[in-house]
Amino acid sequence: MIHHLRAAGVGVIVDTRGTGVPAVLHWGPDLGATDAAALSALAAASVPAVPPSSIDVPLRLSLVPTRGEGWSGRPGVELFRDAGGADGASAARALRAPRLELVPESVTVSAPAGPADAVGAADPAGGTVSFELVDLDASVAVATRLELTPEGVLRLRHRIENRGRSPLGVGRAAVVLPVPARASELLDFSGLWAHERRPIRRALEHGVHAREGRHGRGGHDDAYLLAAGTPGFGFRTGEVWAAHVAWSGDTELWAERSALGPATLGGGELLAPGEVALAAGESLETPWTVAVYSAEGLDGLSDRLHPWIRSWSTIAGRRRPVVLNTWEAVYFDQSLAKLEPLIDAAARVGVERFVLDDGWFLGRRDDRRALGDWTVDPAIWPGGLGPLIERVRGAGMEFGLWVEPEMVSADSELARAHPDWVLGRSGDPEWRFQRVLDLTAPGAAEHLFERLDALLAGNDIAYLKWDHNRDLLGGSAHAQTHAVYALIDRLRAAHPGVEIESCASGGARIDLGVLERTDRVWASDTNDPLERQSIHRYTSLVVPPEYLGSHLGAARAHTTGRTAELSFRLATALFGSAGIEWNLATASEAELAAVAAWTTQYRRLRPLLHGGRVVRADAADPAQLVHGVVASDRRHAVFSVAMLASATTALPPAVRMPGLDPDADYTVRVLDLGRARTVQDANPAWFDAGEVRLTGRMLAEVGLPMPLLAPENALVFELVAD
Ligand code: GLA
């Protein structure tokens with residue numbers, strides 16, 4: 001059979017005829033309703049020529065490509081057995097060029113119809129195709145599952161099973177998908193601490209462009225998303241095919257082009273040599289590789305990913321409270337007396353959740369010791385956390401607490417009691433003066449669960465900021481990642497009301513694996529709005545804004561030393577899961593009033609900011625960043641216009657606001673977040689008039705001239721249709 005899955009403008013055609021490994025004949029724009037004859041015709045027409053000096057049959061890229069099929073590109077799976085093992089040399093030889101064959105009766109397909117449209121026809125709602133492949137000589141089975149979600153997101157995973165008697169090594173078990181030749185330009189990401197998700201563009205040339213993450217977490221330089229698109233693709237234009245690995249350990253993502261076959265996108269967990277050896281009868285299930293197609297630029301990727309994530313999100317329907325985090329306010333200098341003025345100021349400006357960061361547990365006065373000793377330090381908190389929590393709760397706020405469960409300091413009671421729980425070998429490099437706790441060591445995960453469970457059971461804690469401040473370096477990232485997922489899952493099951501934030505020295509662990517079990521991600525340790533504008537723009541390609549912790553910092557950013565206007569800081573932090581990380585006890589009355597007004601606006605706009613469509617304009621001036629959120633009914637929107645540097649022309653082009661209802665009339669007004677600094681003699685007339693009324697089509701196609709913003713300033717506009 002040839003299966004045609006369609007959803008939300010995306011089409012996927014999978015050929016499972018015969019006993020060859022099934023192949024994706026098409027992944028891209030929806031080709032419309034087709035019958036079996038048309039699909040057969042497409043399959044027949046897609047068979048390529050046989051070039052000179054090649055295998056003697058037409059080469060087709062299968063869903064699990066291997067050398068055994070004549071595929072000389074990166075394979076989907078790499079498996080091995082010890083030639084001296086119980087299955088003998090022939091099985092080992094077979095695995096060098098696997099000959100996987102489809103078990104025809106294993107193919108299962110479901111293609112549910114979605115809700116009916118206006119004329120009564122059902123919308124296609126994607127579906128699933130799954131099948132099993134076996135190599136009898138090698139005694140292995142590969143079960144593959146492909147799903148197209150109703151939102152048009154494609155995801156795939158494999159299960160590798162050892163059906164032999166000797167251990168089966170798994171070197172790679174990844175997803176490989178075809179991309180058309182017109183996808184000749186790549187975008188992915190790199191970064192540093194406090195500068196995460198910096199975009200990198202390059203041409204897709206012959207060879208493999210591979211991004212490998214070997215941090216045991218995504219890392220600050222995480223590739224995050226690898227996109228291949230038509231030349232010059234932008235936020236609103238061009239076709240894009242992209243992949244992301246939903247996994248928080250080591251990962252690989254690649255794009256490959258060669259002289260010999262179709263271009264591919266690949267991705268999966270990166271396995272170290274010997275890391276996965278399956279005993280007889282054992283199997284390995286891979287993480288999902290998530291693949292997205294868009295005909296409308298990068299925004300089209302978010303347009304599929306955000307609604308899909310919202311369909312299973314742990315925070316669906318739950319408001320994102322305004323947070324105050326104590327880290328940059330007081331660092332390790334904690335005490336009730338020190339925090340009381342901060343609690344009072346927080347309550348006054350409308351904070352809803354007060355989070356006590358690092359420094360509350362036994363002996364923790366700096367970052368050199370005590371990780372692992374998750375009991376409250378009586379020297380700082382003589383009555384436990386109770387009096388602080390009562391004070392916070394009494395001021396009308398929830399209470400949250402920082403933890404870093406996967407880590408241990410050499411100078412800790414835990415390391416002294418259980419040196420065997422420290423991952424790696426003694427003498428391995430420390431990182432932020434800390435080591436990793438081996439969660440696979442007998443008793444270690446159980447101990448952590450008991451400590452965290454006791455903290456949550458004994459205190460009124462609504463939220464954990466779950467940190468991870470170093471790379472693994474030693475041990476198995478595969479086993480450790482499974483173990484931390486299991487620990488979080490167990491804790492969530494025991495305390496379903498407690499929210500968890502994924503933090504890793506800022507944004508070094510943000511992926512769709514961790515998002516399944518956490519409620520917020522800390523996008524970066526920098527609260528410098530200039531850095532945050534760009535970090536949010538790209539992090540939100542995958543992760544919806546309601547997850548992205550975004551805090552209002554002090555005027556002078558602690559990470560960069562840059563000074564920013566309050567209005568720029570407020571305009572930037574508004575678009576996310578907003579919070580404050582600034583010692584408000586030192587803020588002026590005017591600043592407190594501005595922050596209070598901002599939290600009021602945030603609460604009012606929260607359903608829109610956290611439920612709408614994210615749109616980003618391709619501004620002509622690279623110094624100008626325009627982004628917004630448009631309600632799903634398109635009656636309401638907010639847009640931000642920011643200048644990151646000096647304008648390249650005296651009169652920057654009019655700002656176009658995409659994604660609105662072309663035929664609706666919108667009233668556009670500036671949101672009062674304090675005065676933005678301008679470099680001009682006179683504002684545009686519409687701006688001084690206080691508002692303007694234009695159609696969505698005019699706003700998208702003609703746009704609005706803006707006040708000439710000084711560098712590092714922003715304006716936020718609210719648009720209401722009438
Ligand atoms: C990491 C986090 C910060 C803060 C510190 C505390 O760096 O990213 O936000 O919690 O740890 O030590």
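The values are calculated or read from the model by the stated rules, or taken from the named source; none is laboratory data. Computed from a prediction, not measured in an experiment: that's the story for all the values here. All Cβ positions, even for glycine, are placed from backbone atoms using ideal geometry, and neighbour counts span all protein chains on display. Areas reflect the complete protein model, heavy atoms only, side chains present, ligands, DNA and RNA absent. Shrake-Rupley method; radii C 1.70, N 1.55, O 1.52, S 1.80 Å.
When the GluC sites (Glu not before Pro) in region 151-222 are filtered for DSSP coil states and for at most 15 other beta-carbon atoms within 10 Å of their beta-carbon, the remaining sites are E205. When the alpha carbon coordinates of region 615-721 are projected onto the principal axes, the ranges are 35, 27, 22 Å, largest first. Only bridges whose two residues both fall in the chain count here: according to DSSP, what percent of them are antiparallel, nearest 5? Antiparallel bridges: around 80 percent, rounded to the nearest 5.
At 0.36 nm per residue, minus the direct Cα-Cα distance, what do T108 and A689 gain on full extension? Give it in nm, one decimal, please. Gain on extension, T108 to A689, equals 202.9 nm. Within the full protein context, the accessible area of R603 is estimated at about 80 Å² for a probe radius of 1.4 Å. Sorted largest first, the principal axis extents computed over the alpha-carbon atoms of region 502-573 equal 36, 21, 17 Å. Summarising the label geometry, the points placed 7 Å from Cα in the beta-carbon direction at A83 and A36 lie 4.8 nm from one another.
Ignoring any ligand, DNA or RNA, what whole percent of the accessible area of region 348-476 comes from carbon and sulfur when the probe is 1.4 angstrom?
50
According to the Cα-based calculation, Rg over Rh for the chain is 0.99, with Rh computed by the Kirkwood formula. Computed over region 323-607, the percent of Cα pairs more than 25 Å apart is 46.
If R0 is 41 Å, the Cβ-Cβ spacing of V679 and R603 corresponds to a FRET efficiency of close to 0.80.
Using a simple spin-label model with pseudo-atoms 7 Å out from Cα toward Cβ, V720 and A379 lie 5.6 nm apart. For region 580-722, the share of accessible area belonging to carbon and sulfur comes to 54 percent (1.4 Å probe, ligands and nucleic acids excluded).
Take the chain with all the other protein chains still there, run a 1.4 Å probe, and you get 37 Å² of accessible area per residue. One decimal place: the segment E340-T563 gains 77.6 nm when fully extended, by the rule 0.36 nm per residue minus the C-alpha distance.
Positive-end ranking of G274, A295, N459 along the dipole of the chain, with charges on Cβ about the Cα centre, is headed by A295. Calculated mean residue ellipticity, 222 nm, the chain: -6500 deg cm²/dmol, from DSSP H runs (n ≥ 4) at -39500 (n - 2.57) each, averaged per residue and rounded to 500.
Using +1 on the beta carbon of Lys and Arg, -1 on that of Asp and Glu, and nothing else charged, what's the dipole of region 39-156 about the Cα centre, debye to 20? Kindly include the intermediate steps, with their values, before the conclusion.
Values: 9 positive and 14 negative charges, 81 e Å.
So the dipole magnitude of region 39-156 works out to roughly 380 debye.
Our summary of shape: the Cα atoms of region 287-363 have principal axis extents of 56, 31, 22 Å, ordered from largest down, in whole angstrom. Modelled spin-label separation between W431 and E390, with each label point placed 7 Å from Cα along the Cα-to-Cβ direction: 4.2 nm. Compactness check for region 514-660: Cα Rg over 2.2 N^0.38 Å is 1.05. Taking the Cα centre of region 323-607 as origin and assigning +1 to Lys and Arg Cβ atoms and -1 to Asp and Glu Cβ atoms, the resulting dipole is close to 540 debye. Of the two radii for region 138-202, the radius of gyration is 1.13 times the Kirkwood radius, both from the alpha carbons; that is the Rg over Rh value. Full extension of the segment from D367 to R697, taken as 0.36 nm per residue of separation minus the current Cα-Cα distance, would add 113.4 nm.
Over all pairs of different C-alpha atoms in region 410-537, the reciprocal of the mean inverse distance, the Kirkwood hydrodynamic radius, equals 16.0 Å. Can you give the log10 of the normalised intensity I(q)/I(0) at q = 0.10, 0.12, 0.19, 0.22 Å⁻¹, computed with Debye over equal Cα scatterers of region 249-380? For region 249-380 at q = 0.10, 0.12, 0.19, 0.22 Å⁻¹, log10 I(q)/I(0) is -0.74, -0.91, -1.09, -1.23. For region 358-398, backbone nitrogen atoms closer than 18 Å to the point 7 Å from A596 Cα along Cα-to-C-beta are found at 395-397.
For region 240-306, the Cα gyration tensor yields ellipsoid semi-axes of 28, 17, 10 Å (square root of five times each eigenvalue, largest first, whole Å). Each Lys and Arg contributes +1 and each Asp and Glu -1, all at the Cβ; summed about the Cα centre of the chain, the dipole is approximately 500 debye. Peptide packing: for 254-262, 320-328, 29-37, the average count of neighbouring Cβ atoms within 10 Å per residue gives the ranking 320-328, 254-262, 29-37, highest mean first. Normalising the average separation of contacting C-alpha pairs (under 8 angstrom, six or more residues apart) by the number of residues puts the relative contact order of the chain at 9 percent. Of the complete DSSP H runs in the chain, those spanning 15 angstrom or more by Cα along the long axis with a mean Kyte-Doolittle score not below -0.5 are 336-349, 444-458, 477-494, 589-609. Count Lys and Arg as plus one, Asp and Glu as minus one, and take only other residues whose Cβ is under 13 Å from that of R172; the net charge is then -4. Tell me which of N683, V615, L342 sits at the most positive position along the dipole axis of the chain, charges placed on C-beta atoms (Lys, Arg +1; Asp, Glu -1). The listed residue farthest towards the positive side: N683.
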